[in-house]
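Visitor: My structure is below; once you've seen it, I'll send some questions.
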Amino acid sequence: MRSLNGVSKALRYLTNNTPYRCSVALLCAFIAACGGAPATKPDATSASEIVSVVPEQVAQEYANAQTLMSVEDYEGAAQILEPLALSATEYPAVATTLAIAWRHLERDDDALATLQSALTVHDGYAPGWNEVGILHREAGRFADAEAAYLKAVTVSPEYALAHFNLGILLDLYLGQHARALEHYQTYQSLVPDEDKQVKRWIADISRRIERSARAASVGQ
């Protein structure tokens with residue numbers, strides 16, 4: 001049986017896989033990824049096309065905020081992102097990254113308000129729903145967290161991180177192991193390199209489900 005150490009891994013994974021950790025080309029892909037486009041790394045051609053249509057000022061300010069986020073200067077990043085989120089409402093990654101900064105600064109109400117405003121316009125932006133799920137999970141609102149993660153994987157079925165976080169929620173917080181297994185397996189199928197820890201979790205849950213099935217069969 002796993003401990004809540006898995007949650008720490010989930011949060012570390014989140015920190016290393018949100019928009020502010022991307023290269024400039026990839027962050028522009030996130031900025032342009034409205035309407036539910038999967039948050040996957042584009043090929044060179046699509047990245048080049050995206051860079052050409054994203055306003056230079058937005059990309060530069062976002063890159064500056066990214067640099068501050070990478071050294072955990074969340075206050076400094078928020079100072080850049082807050083006005084940018086108001087002026088660049090067509091780019092939901094900006095608001096999502098601001099919400100991440102707010103969360104690290106323990107300003108969860110501001111984070112949720114920022115996301116709710118952005119997602120009202122960009123309902124299909126999976127990383128935003130994923131962040132909503134994280135905020136609800138951390139506050140103990142597990143049903144709301146589940147709904148947000150499900151929204152993320154519905155609008156963007158190939159968004160691996162939301163499957164991972166949903167698996168963590170179902171497995172460790174809600175005790176719904178069979179459903180968790182499904183999302184762990186989906187996550188594993190989407191990431192380019194096999195996650196060895198998740199592989200162990202999949203094996204562990206599969207064994208427990210099999211043992212439960214055998215016990216139920218014997219008891220009949």
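The values are calculated or read from the model by the stated rules, or taken from the named source; none is laboratory data. All values derive from a computational prediction rather than experimental measurement. Here the Cβ positions follow ideal geometry from the backbone for every residue, glycine too, while neighbour counts run over all protein chains shown.
Visitor: Can you tell me which condition residue 139 does not meet? The list is (1) closer than 28 Å to residue 59 by Cβ; (2) surrounded by fewer than 24 Cβ atoms within 10 Å (Cβ to Cβ), and all the others hold.
Guide: Residue 139 satisfies all of (1) closer than 28 Å to residue 59 by Cβ; (2) surrounded by fewer than 24 Cβ atoms within 10 Å (Cβ to Cβ) except (1).
Visitor: Test residue 180 against the criterion of being buried (at least 20 other Cβ atoms within 10 Å of the Cβ) and more than 27 Å from residue 212 (Cβ to Cβ), and give yes or no.
Guide: no
Visitor: Given the conditions (1) over 17 Å from the mean Cα position of the chain (by Cα); (2) in a loop (DSSP other than H, G, I, E, B), report the number of the one that residue 215 does not fulfil.
Guide: (2)
Visitor: Continuing with the same structure: Here are 97, 114: which of them is modelled with pLDDT of 90 or more, surrounded by 22 or more Cβ atoms within 10 Å (Cβ to Cβ), farther than 30 Å from residue 192 by Cα and of a type in the set (Ser, Thr, Tyr)?
Guide: Selected residue: 114, the only one of 97, 114 that is modelled with pLDDT of 90 or more, surrounded by 22 or more Cβ atoms within 10 Å (Cβ to Cβ), farther than 30 Å from residue 192 by Cα and of a type in the set (Ser, Thr, Tyr).
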